[in-house]
Protein chains: 2
Amino acid sequence: MSKKILRIDMTHRKATYEEVPKKWAHWAGRALTSAITFDEVEPTCHPLGPNNKLAIAPGWVTGTPASPSSGRTSFGGKSPLTGGIKESNAGGLSGQKIAGLGLAAIILEGQPEDGKWTTLVLTKDGVEFKDASDLVGKGMYEVDELLWETYPDTAVIGIGQAGEMKLSNAGISVNDTENRPGRYAGRGGMGAVMGARGVKAIVIDDTGGPGVEIADKELFDLGRRKLTESIQEHDLTKKGGGLPSYGTAILVNIINEAGGLPTRNFSAGQFEGAAKISGEAIAEVVEKRRTNGGYEGMVGHKCSPGCIIGCSNVYPDEEGKHIVSCLEYETAWALGANCGIDDLDSVARMTRECNDVGVDTIESGNAIAVAMDGGLLKFGDGEGALKLFDEIRRGTPLGRILGQGVEATAKAFGVHRVPTVKGQSMPAYEPRAIKGIGVTYATTPMGADHTAGYTIAPEIAGVGGKVDPLSDEGKADLSLTFQAATAFIDSTGYCLFIAFPILDIAKGWAGMAETVAGVTGMSITGDDVVPLGKGILKMERLFNEGAGFTPEADRMPEFMRYEKLPPHDVVWTIKDEELDKVYGWVHNGS
Amino acid sequence: MSKKILRIDMTHRKATYEEVPKKWAHWAGRALTSAITFDEVEPTCHPLGPNNKLAIAPGWVTGTPASPSSGRTSFGGKSPLTGGIKESNAGGLSGQKIAGLGLAAIILEGQPEDGKWTTLVLTKDGVEFKDASDLVGKGMYEVDELLWETYPDTAVIGIGQAGEMKLSNAGISVNDTENRPGRYAGRGGMGAVMGARGVKAIVIDDTGGPGVEIADKELFDLGRRKLTESIQEHDLTKKGGGLPSYGTAILVNIINEAGGLPTRNFSAGQFEGAAKISGEAIAEVVEKRRTNGGYEGMVGHKCSPGCIIGCSNVYPDEEGKHIVSCLEYETAWALGANCGIDDLDSVARMTRECNDVGVDTIESGNAIAVAMDGGLLKFGDGEGALKLFDEIRRGTPLGRILGQGVEATAKAFGVHRVPTVKGQSMPAYEPRAIKGIGVTYATTPMGADHTAGYTIAPEIAGVGGKVDPLSDEGKADLSLTFQAATAFIDSTGYCLFIAFPILDIAKGWAGMAETVAGVTGMSITGDDVVPLGKGILKMERLFNEGAGFTPEADRMPEFMRYEKLPPHDVVWTIKDEELDKVYGWVHNGS
């Protein structure tokens, strides 16, 4: 049985199952959501109007038995934050269950004229359109809980109050194995795009579904073994390795040491309180707060079934109950160092608020930092910052400013130190101190985004080679290669963290490609990863051009060109012509 | 004595007088502010950062004796509202006094690091930098009054609280002959650009200044007579004509009749309450409220000395005291019809608030209408709307949203019916019903702006020919010709309303050119107006390209392409290729 496209027309509340058209037959994950957006969404449409769409697609291998760490779901469409194309992916339960229903993708389109909210329930028998009045106005913790009362053990995709208000920083939540709303397609405001379709939640029950067909089981198994071994061998991902032991926040001390941890709205590259919000500190709290019975704190938590890395954690309160899962590096930085806050409990509580009200933690932390720069609060005021999320939840004017992210907040408070590219704020790596990641921020079609081309691997972690972070040299090529490989990995359904082992261990890279070839029957090897990734990037760039983006959209914020960043006292020095080279091939051949 | 450039460096609080460089020697008004911006401002700089500048220039003939209606001052720089180049000009006292000091332009640059506010006092002896602590936080009515206590009869350029907060919709006020802050360079947020230089007010006393040299007095006098006669002969501008009798709001009934009066956030082209906010209604109130002694209401008010049209008015309260001067067509529409408000007193009080707090009336009315569309208030709620200005004044979060204009308000309230081009909202002519003005909105480098190419003249008023407003045909060429002629007129210092007589009466057109030739010694005639205007437009377009604008920036908002506008039930139909033709010559030769 071949996979289907499920098209859900929210104007008429009608669902149809379509054959996957030939042009999309070889795509999945990000490749497919970007192809749908490229083919079906007018680049100049209003992101919140009736003509934008939300495409949801699991990766190539998602839902296959025993493929490691491959539970990702891609969400794509035109972003209200950047005005360009967006793909944002998340872990959690949804990918495997969508794939389990035999779906290549779900396309949400149209806009109900009655303004009423719907919960979509997807099973092997079709789609039910349920009145969502009972869920409207509620945060994602309650939404997930209520939905599991009726639909236990299902995947739940949903939006919090921010998505209902169609705020540009609204994310899409996916529940994890414990039904916590902690896995987020956070970036780019895709929650607002879902909200603009009038959909509060999507429940997915794949019981009795056809599952994922595997074209060449032998090749798939071969690849799977190679990939699994490489993950189990690499220092960062193996049992007892860096990520399972400390989570992604293991990076806090490392990046701080490198002088690249953006602090107090990107005014310094080191934070004196870094150690207190580091992965080591998280592990210490998890250990220290251990109680007898029912203790929920843990490191090495898995965000989706079948993950063999387990970089997630459950951060507990004094009584041992979870505050939030998970406290990531990006989150600890955004709501911590970048706001001058060194109190982990404050950071954890804010993260929970983000997950509940439904906003991206990176953009939220940046927005608060910019507001602090503009005088709303003092840097370091964790209590004050925490209260701001209630403003978002209640839809107060202040909440509506902050809930739109950094650009809106900067304008409201007259701040010109605005760490954004294409309207999206920068993650936890200072581009003045780590130049390659700056090239990624500047040039990726996604707006400032570390996951789009994670040059931190060779620049800081010594993974996939070793290059000087402060040097400009070769950073354009480096970033492009990473961006292309990432576009491919984002289409596989594998978690991006497989990149660490497969960059260092050759069999892993080959194994990844072989699993994809095995599932799809496509004849591809490790050599095809970058070229195929470039094909995806090309669609995305062309969409953005259609939306009016020019090379000037690929620029660092002006203040980084004249404000020196301590401790290295460096400014952004990579020339515009270098940046323009990164995507020169889109129009000049390869 | 040749004219000088006064350069004021606000980083070091230092003023220098420079010879006018050769490249600018032939420019004045908009041509000069745009040339300064083009030559000295990096197009990708942050509009509120230290590298943007505010250029202030009177027109070619401004300050010459007896040239009619020529008191305009141009303000230019990079706009925080559009991100592109901006020229916004105003009447009032400033132009003549700047010219009287022998200045071609004032350039405000830099940014004080101590964050303190300055009042600049310009006299023939130089520039004084006065601590502005006494004025900070005050509205423009009080600022003007306080400054005249110390500096009577001077021109005062200033910003209200909105400019201090650097809100994107902050305008620059110029006082009128009665020292009211009613003349505004309102559009594009130039008040925020002034605020970002740390300048609260500029006082100009031209006593003893060198005045304006006239190169060829005979030619100047000849042109002046021809122009004056044409103004005195034309039905719209002559004594007892449309503009002096009813002000610009004479258009309310006319445009409403044509089905082109945007109503309730551009959801209809006719407003049932139009007559109540019309120029005729204003004249009636002015007549009806006449009291004995000290009555301030009037029509036929002149906004700057030497005006021979007098289209301004003073709108009185029940006791005969002025509420505001002036109640324009744009204002009556923006704060009236577009918000569904038909109460003139409410509109007048809101207009006063705009002038006091320092925001553009067009953008403010549109922002309120969008907020009404998003559910903040009911359409028609004049009392509720009036209170919103106090939010801006106090800098509450809601005020900071509204004070940024339409795009910010639409995002905050999740509204996708957003009547903007390049981030600036549309004025009082519905482009679906009046196609030529839509081409101007879409293509002018200024963002949606009627004054940039006022095709309403032939499309509605039968001035300069007569064309069908609903037809698409020939509108690209029509708009370009108007845009070019306007760029020239905006450089002369003449009020744009001389366009009505000079379009219909040939000697007026020739006379305008002759006065410019007479003052400057340039050898130009009426035939040179459009070509010279195109030269100005070219600089402006190239600046915008440098800032990252593409043809996609020259598009109508998406909803106008699919929502039918009553009563004509029309959508926007002019093709993108037609729009792209308007400025095709910039890169393809003339």
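So for segment B:107-125 (the condition being in contact with a His (Cβ under 8 Å, 6 or more places away or on another chain) and farther than 20 Å from B:ASP360 by Cβ), does at least one residue qualify?
Yes; the residues of segment B:107-125 include at least one that is in contact with a His (Cβ under 8 Å, 6 or more places away or on another chain) and farther than 20 Å from B:ASP360 by Cβ.
Tell me, yes or no, whether segment A:50-71 has at least one residue that is over 30 Å from A:GLY211 (Cα atoms), within 14 Å of chain B (Cβ to nearest Cβ) and surrounded by fewer than 24 Cβ atoms within 10 Å (Cβ to Cβ).
Yes, because at least one residue in segment A:50-71 is over 30 Å from A:GLY211 (Cα atoms), within 14 Å of chain B (Cβ to nearest Cβ) and surrounded by fewer than 24 Cβ atoms within 10 Å (Cβ to Cβ).
Considering only segment B:287-322, state which residues are part of a loop (DSSP other than H, G, I, E, B), farther than 17 Å from B:ILE255 by Cβ and of a type in the set (A, V, I, L, M, F, W, C).
So the first thing to find is which residues in segment B:287-322 are part of a loop (DSSP other than H, G, I, E, B), and the list is B:289-297, B:302-311, B:317-321.
Right, trim to farther than 17 Å from B:ILE255 by Cβ and you get B:289-297, B:302-310, B:317-321.
Within segment B:287-322, B:CYS303, B:CYS307, B:ILE308, B:ILE309 qualify.
Which of the residues that make up segment A:440-468 are more than 19 Å from the chain's Cα centre (by Cα) and not in a loop (DSSP other than H, G, I, E, B)?
Of all residues in segment A:440-468, those more than 19 Å from the chain's Cα centre (by Cα) come to A:458-468.
Once the filter is applied, which keeps residues that are more than 19 Å from the chain's Cα centre (by Cα) and not in a loop (DSSP other than H, G, I, E, B), segment A:440-468 yields A:PRO458, A:GLU459, A:ILE460, A:ALA461.
With segment A:330-403 as the region, which helices (runs of 4 or more DSSP H) entirely inside it contain at least 1 residues that are more than 23 Å from A:GLU164 (Cα to Cα) and more than 14 Å from every other protein chain (Cβ to nearest Cβ)? Give the derivation first.
Values: elements: A:344-357, A:361-373, A:382-394, A:397-402.
Result: A:344-357, A:361-373, A:382-394.
A quick yes/no check of all residues on (1) in contact with a Lys or Arg (Cβ under 7 Å, 6 or more places away or on another chain); (2) of a type outside the set (D, E, K, R); (3) not assigned by TED's automatic domain parsing to the domain that holds A:SER94:
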| site | (1), (2), (3) |
| --- | --- |
| A:LEU261 | no, yes, yes |
| A:ARG264 | no, no, yes |
| A:SER267 | no, yes, yes |
| A:GLY273 | no, yes, yes |
| A:SER278 | no, yes, yes |
| A:GLU287 | no, no, yes |
| A:MET298 | no, yes, yes |
| A:CYS303 | yes, yes, yes |
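Within segment B:5-41, count every residue that is polar (S, T, N, Q) and either over 27 Å from the mean Cα position of the chain (by Cα) or under 16 Å from B:LEU103 (Cα atoms) (or both).
So the answer is 3.
Take A:GLU19 and decide whether it is within 14 Å of chain B (Cβ to nearest Cβ), surrounded by fewer than 18 Cβ atoms within 10 Å (Cβ to Cβ) and farther than 19 Å from A:GLY95 by Cα.
no
Those residues that are acidic (Asp, Glu) and closer than 14 Å to B:LEU93 by Cα, I need them from segment B:175-231; list them, please.
Residues satisfying the conditions are B:ASP176, B:GLU178, B:ASP205, B:ASP206.
If I ask for residues that are surrounded by 20 or more Cβ atoms within 10 Å (Cβ to Cβ) and in a loop (DSSP other than H, G, I, E, B), which ones from segment B:272-286 would you list?
Of everything in segment B:272-286, just one residue is surrounded by 20 or more Cβ atoms within 10 Å (Cβ to Cβ) and in a loop (DSSP other than H, G, I, E, B), namely B:SER278.
Okay, residues lined up against (1) more than 21 Å from the chain's Cα centre (by Cα); (2) buried (at least 22 other Cβ atoms within 10 Å of the Cβ); (3) under 14 Å from B:VAL357 (Cβ atoms):
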{"position": "B:LYS130", "(1), (2), (3)": "yes, no, no"}
{"position": "B:GLU145", "(1), (2), (3)": "yes, no, no"}
{"position": "B:THR150", "(1), (2), (3)": "yes, no, no"}
{"position": "B:ASP153", "(1), (2), (3)": "yes, no, no"}
{"position": "B:ALA162", "(1), (2), (3)": "no, yes, yes"}
{"position": "B:ILE172", "(1), (2), (3)": "no, yes, yes"}
{"position": "B:THR177", "(1), (2), (3)": "no, no, no"}
{"position": "B:GLY182", "(1), (2), (3)": "no, yes, yes"}
{"position": "B:GLY188", "(1), (2), (3)": "no, yes, no"}
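When residues of segment A:249-297 are filtered for being modelled with pLDDT of 95 or more and at positive phi, how many remain?
Total meeting the criteria: 4.
Tell me, which strands (runs of 3 or more DSSP E) wholly within segment A:32-134 include 2 or more residues that are over 27 Å from A:THR420 (Cα atoms)?
Those strands (runs of 3 or more DSSP E) span A:54-58, A:103-109, A:118-123, A:126-131.
Look through A:GLY260, A:GLY247, A:GLY269 and report the one residue that is closer than 30 Å to A:PRO557 by Cα, touching a strand residue (DSSP E or B) at 6+ places or on another chain (Cβ under 7 Å) and surrounded by 21 or more Cβ atoms within 10 Å (Cβ to Cβ).
So the residue among A:GLY260, A:GLY247, A:GLY269 that is closer than 30 Å to A:PRO557 by Cα, touching a strand residue (DSSP E or B) at 6+ places or on another chain (Cβ under 7 Å) and surrounded by 21 or more Cβ atoms within 10 Å (Cβ to Cβ) is A:GLY269.
Only one residue in B:SER325, B:SER312 is surrounded by 24 or more Cβ atoms within 10 Å (Cβ to Cβ), farther than 20 Å from B:GLN232 by Cβ, under 16 Å from the mean Cα position of the chain (by Cα) and assigned by TED's automatic domain parsing to the domain that holds B:ALA371. Which one?
B:SER325
Which condition breaks for B:VAL286 when tested against (1) among the aliphatic types (A, V, I, L, M); (2) closer than 30 Å to B:PRO557 by Cβ; (3) more than 20 Å from the chain's Cα centre (by Cα)?
B:VAL286 satisfies all of (1) among the aliphatic types (A, V, I, L, M); (2) closer than 30 Å to B:PRO557 by Cβ; (3) more than 20 Å from the chain's Cα centre (by Cα) except (2).
Looking at (1) crowded, with 24+ Cβ neighbours inside 10 Å; (2) more than 19 Å from the chain's Cα centre (by Cα), which is the only condition B:ALA90 fails?
The single condition B:ALA90 does not satisfy is (2).
Taking into account only those residues within segment A:550-559 that are touching a helix residue (DSSP H, G or I) at 6+ places or on another chain (Cβ under 9 Å) and surrounded by fewer than 22 Cβ atoms within 10 Å (Cβ to Cβ), which is nearest to A:GLN424 (Cα to Cα)?
Keep residues of segment A:550-559 that are touching a helix residue (DSSP H, G or I) at 6+ places or on another chain (Cβ under 9 Å), which gives A:550-556.
Cutting the leftovers down to surrounded by fewer than 22 Cβ atoms within 10 Å (Cβ to Cβ) gives us A:550-552, A:555.
Values: A:THR550: 16, A:PRO551: 16, A:GLU552: 15, A:ARG555: 12 Å.
Checking each candidate, the answer is A:ARG555.
Looking at segment A:188-231 only, could you name the residues that are acidic (Asp, Glu) and over 25 Å from A:SER523 (Cβ atoms)? Outline the logic, then answer.
Taking segment A:188-231 first, the residues acidic (Asp, Glu) are A:205-206, A:213, A:216, A:218, A:221, A:229.
Within segment A:188-231, A:ASP205, A:ASP206 qualify.
For A:TYR562, all conditions in the list (1) within 12 Å of chain B (Cβ to nearest Cβ); (2) buried (at least 16 other Cβ atoms within 10 Å of the Cβ) hold save one; what is the number of the exception?
Evaluating A:TYR562 over (1) within 12 Å of chain B (Cβ to nearest Cβ); (2) buried (at least 16 other Cβ atoms within 10 Å of the Cβ) leaves (2) as the failure.
Out of all the residues in segment A:517-538, is one or more within 14 Å of another protein chain (Cβ to nearest Cβ), surrounded by 15 or more Cβ atoms within 10 Å (Cβ to Cβ) and touching a Pro at 6+ places or on another chain (Cβ under 8 Å)?
no
Helices (runs of 4 or more DSSP H) wholly in segment A:138-243 with at least 1 residues that are assigned by TED's automatic domain parsing to the domain that holds A:THR118 - which ones? Break it down into steps so the answer makes sense when it comes.
Details: elements: A:140-150, A:161-164, A:190-195, A:217-233.
In segment A:138-243, A:140-150, A:161-164, A:190-195 are the helices (runs of 4 or more DSSP H) which contain 1 or more residues that are assigned by TED's automatic domain parsing to the domain that holds A:THR118.
Which residue pairs have Cβ atoms closer than 8 Å, lie 6 or more positions apart in sequence or on different chains, and pair a first residue in segment A:539-552 that is at the interface with chain B (Cβ under 7 Å from one of its Cβ atoms) and within 9 Å of A:PRO43 (Cβ to Cβ) with a second residue that is part of a helix (DSSP H, G or I) and not charged (D, E, K, R)?
Short answer, once both residue conditions are applied: A:GLY548/B:PRO551; A:GLY548/B:ALA553.
B:SER471 - would you say it is of a type in the set (Ser, Thr, Tyr), in a helix (DSSP H, G or I) and not assigned by TED's automatic domain parsing to the domain that holds B:THR82?
no
Report every pair of residues separated by at least 6 positions or lying on different chains whose Cβ atoms are under 9 Å apart, first residue within segment A:380-399 and in contact (Cβ under 8 Å) with a residue 40 or more places away in the chain and closer than 17 Å to A:ILE341 by Cβ, second surrounded by fewer than 21 Cβ atoms within 10 Å (Cβ to Cβ) and of a type in the set (A, V, I, L, M).
A:ALA385/A:LEU377
Check B:ARG417 against each of (1) surrounded by fewer than 24 Cβ atoms within 10 Å (Cβ to Cβ); (2) within 13 Å of chain A (Cβ to nearest Cβ); (3) not in a loop (DSSP other than H, G, I, E, B) and name the one condition it does not meet.
Of the numbered conditions (1) surrounded by fewer than 24 Cβ atoms within 10 Å (Cβ to Cβ); (2) within 13 Å of chain A (Cβ to nearest Cβ); (3) not in a loop (DSSP other than H, G, I, E, B), the odd one out for B:ARG417 is (3).
The values are calculated or read from the model by the stated rules, or taken from the named source; none is laboratory data. Predicted, not measured: the structure shown is a model, and the values here were computed from it. In this analysis, Cβ positions are derived from the backbone assuming ideal geometry, glycine residues included, and neighbour counts consider all displayed protein chains.
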